[in-house]
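The values are calculated or read from the model by the stated rules, or taken from the named source; none is laboratory data. Just so it is clear, the model here is predicted, and its values are computed rather than measured. Quick reminder, even Gly has a Cβ in these numbers, built from the backbone with ideal geometry, and neighbours come from all protein chains shown. Keep in mind that these areas ignore ligands, DNA and RNA; they rest on the heavy atoms of the full protein, side chains included. Shrake-Rupley method; radii C 1.70, N 1.55, O 1.52, S 1.80 Å.
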Amino acid sequence: METARAYSSELSETAWDEAYLDAYPDVYRGLVALGARGDEAEDALQDAFLRGLERADISRAAGWLFVVSLRRWRRRRFRERIFSPLRAVMRSEHTTEPEVRIDLFDALAGLPRRQREVLVARYVVGLSQEETAASLGIARGTVAATTTQAARALRTRLEER
Amino acid sequence: MDDKMERWTVTAFDDAAARVALPPRERWLPADRRPRSSLPTTALTFALVAVVLGVALWLVADGRIVPAAPSAKPTPSNLIRLAPGGTEAQTWGAVWSRSMGATVLRPTWLPETDLGPSYDVVTTSNGLHRYVVGYYPKIVFPAGPQPWHFLFIAEGADVLPPRLGPGDAAENVNVRGQAGQLITAPDGEVRVVWMENGLRYTIQAGSGIPGSDVLRVAESMMRVVDADGKVAVVFSEPVTVMISVLASCSASLAAFSSADPTNRHHILNRVLPTASCAALRCGLPSRMV
């Protein structure tokens, strides 16, 4: 019985590993698109991976991973802002500036948070409208409307540059 | 979103995402597969902040602490609290012996007789700070406030008077010839406060004792003169007046008796007609008048 349970657990861990590794590049880029530094995105994804080990359901792994790692990164950013003087002493080599400046992501930063998240979920992480709606906890119609609105705004911002 | 816009969006994001370099694949999975917690970092940060704050507070507080100069008049440790059990006279005698010369006033009339006294005297090097003598029922009520009780309090004038509580009703009254206050609390508890002999005296009575009785208790108070709790025989003003009147009238009557008939008219018309002798005059035999 114990052996069967251990085998089952090992199997699910392997499945989660595969799902995680499959989604990793898109989610990592999605986090960077939203403003995370590379090391922050790595940490957030690894945290989300460990959280995922406790999760039985591995369906919609990319959407789940995106949302969980996004929260982890935001929490970490919040803590860093609060303790920024201490962090500056402890880890002076880190800055909040992204390593690579990409015009599209810079323009994206000027959009409202909901629009940013929807665009990244749809076009960087590659989620469908349904998956985006389920992951972000909003209606599918809202996803469609927000996508259109955000894309127009983004294009306008880029053209103004 | 139309197709043109859709295509633009997809292309723009694909191009941008392609420029984001991924970390080496061996770093994708965490080295340790056990759940990590941010607690150590957070706890360390909070501990560090606590230490910094503690040091700061210690430094600030340290600046305020100065060595106390030795007191010129050390306060004697003569706080005396005796349990009830002594007689009333012993109680007041003990208060008198510890009052450092302050005038101790003892009641000579109480509306309830079955009360046992206890006391508490606090003195300082400057003199009496406070004494409190309590009269409580010898039969203790099972629970709740003891309705029948009296507290006799005397405090130095430098002790701040207690403020009126919410709902207290204060009435200006004359207490032993002094201006005082009769204060009635919402629960019916009554206290009378007045200044006398450089002290502030307070009688506090339990609820259910009327203010008139408390004032009567105040009027009945007499000065304790020895360690046995005896009180000075000081006549109140009406009695003193009456004795002086009697003495005056006696002298007048003696003079009247010994006077020759020519002077009796003068005595009758100039001495005896005073108001204080009116009663005696009325009682004089008609043949004398």
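Quick notes on this one:
- Each residue of region A:14-27 was assigned a 3J(HN,Hα) from its phi angle through the Karplus curve 6.51 cos²θ - 1.76 cosθ + 1.60 (θ = phi - 60°); the sequence is 5, 5, 5, 4, 5, 4, 5, 5, 5, 8, 3, x, 5, 5 Hz, with glycine and proline shown as x.
- Integer Hz, Karplus 6.51/-1.76/1.60 couplings in order for region A:147-161, x for Gly and Pro: 4, 4, 4, 5, 5, 4, 4, 5, 5, 4, 4, 5, 5, 6, 6
- Placing B:Met221, B:Met195 in order of accessible area, with the largest value first and a 1.4 Å probe, yields B:Met195, B:Met221.
- Highest average first, the peptides B:199-212, B:3-16, A:118-131, B:97-110 ordered by how many other beta carbon atoms sit within 10 Å of their residues are A:118-131, B:199-212, B:97-110, B:3-16.
- Residues of region A:47-64 that bury at least 10 Å² of accessible area once all protein chains are present, compared with their chain alone (1.4 Å probe, heavy atoms only, ligands and nucleic acids left out), are A:Asp47, A:Phe49, A:Leu50, A:Leu53, A:Glu54.
- Amide H contacts of B:Met222: B:Arg106, B:Thr108, each under 5 Å away and 5 or more positions distant or on a separate chain (H built 1.01 Å from N in the peptide plane; Pro and chain starts excluded).
- Full-extension gain in nm, B:Phe46 to B:Asp15, via 0.36 nm per residue minus C-alpha separation: 6.8 nm
- For peptide B:20-26, the mean count of partner chain Cβ atoms within 10 Å of a residue's Cβ comes to 6.
- Counting, for every residue in A:22-31, the Cβ atoms of other protein chains within 10 Å of its Cβ and taking the mean gives 3.
- With a 1.4 angstrom probe, the accessible area lost at the B-A interface totals about 3300 Å².
- Proximity of backbone amide H atoms, modeled 1.01 Å from N, is registered between B:His129 and B:Val122, B:Thr123, B:Thr124 at under 5 Å, excluding neighbours fewer than 5 places apart on the same chain.
- For the pair region B:1-31 and region A:14-79, the centres of their Cα atoms are 15 angstrom apart.
- For the segment A:114-120, counting C-beta atoms of other chains within 10 Å of every residue's C-beta and taking the mean gives 1.
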